[in-house]
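Enquirer: Would you mind keeping the following structure in view while I ask a few things?
Every number here is computed from the coordinates shown, using simple stated rules; none is lab data. For clarity, every value in this text was computed on a predicted model and none was experimentally measured. Methodologically, a virtual Cβ is constructed for each residue, glycine included, from the backbone with ideal geometry; neighbour enumeration extends over all protein chains shown.
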Amino acid sequence: MRSSIAKLDNAKGSRQNMSIRIIGLGNTILRDDGVGIYAVREVSRLLAESGRSAMADVVESEVGGFELMELMAGWEQVILADSVQFDALEAGAVIRIEPEDLHTSLRLRSVHEIDLPTVLELGRRLGLAMPRKITIFGIQAKDPLTFGESMTAVVQDGMRKLVVQILNEIMPTGI
């Protein structure tokens with residue numbers, strides 16, 4: 001893990017004054033599970049079109065746990081976008097989740113993985129510069145388990161709202 005963190009530290013030297021990282025999480029071969037990745041792709045496109053690509057580093061990832069810690073280390077602010085599955089939400093609904101409200105990981109794959117609050121605490125205890133501000137946006141999936149590279153219509157509509165919320169988070173005055 002140290003070599004990966006060192007590589008990330010070296011890569012950050014070339015990011016100039018960028019302090020925000022936007023991470024889209026998901027799996028694009030599972031219909032709605034890929035919404036986090038699709039959303040940050042759209043954010044990246046809109047930033048590029050407006051000449052504001054330097055405002056944030058946008059990455060796509062299918063990882064959780066320790067790997068997510070490496071992606072977040074060294075950034076002042078991190079925005080996470082991912083699909084969620086909560087009983088009380090309608091498909092396509094976008095919610096904002098505070099890190100302290102999470103008790104289990106949205107990407108817990110095995111006992112070898114750790115949840116987001118533990119990732120943050122462990123990173124700090126290891127002396128890593130973990131983000132001071134973390135914003136988590138979740139979008140309720142309708143069909144997160146079927147193989148397919150397209151989202152359901154209701155989640156695609158919700159994704160548009162998610163993109164706007166992410167952009168408002170980094171640019172309150174709009175794009």
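Enquirer: Using a cut-off of 14 Å between beta-carbons, work out the net charge of the residues near Glu49 (Lys and Arg +1, Asp and Glu -1, Glu49 not included).
Expert: +2
Enquirer: Take Thr173, Thr118, Thr152 and order them by how many other Cβ atoms sit within 10 Å, fewest up front.
Expert: Ascending number of Cβ neighbours within 10 Å: Thr173, Thr118, Thr152.
Enquirer: List the chymotrypsin sites (Phe, Trp or Tyr not before Pro) in region 30-87 that DSSP assigns to loop (not H, G, I, E or B) and whose Cβ has at most 12 other Cβ atoms within 10 Å. Which are they?
Expert: When the chymotrypsin sites (Phe, Trp or Tyr not before Pro) of region 30-87 are filtered for loop state and at most 12 Cβ neighbours within 10 Å, Phe86 remain.
Enquirer: So what is the relative contact order of region 30-175, in percent, for Cα pairs below 8 Å that sit 6 or more residues apart?
Expert: Answer for region 30-175 is 40 percent.
Enquirer: So for Arg31, Arg96, Arg52, fewest C-beta neighbours within 10 Å to most, what's the order?
Expert: Ranked by crowding around the Cβ, least crowded first: Arg96, Arg52, Arg31.
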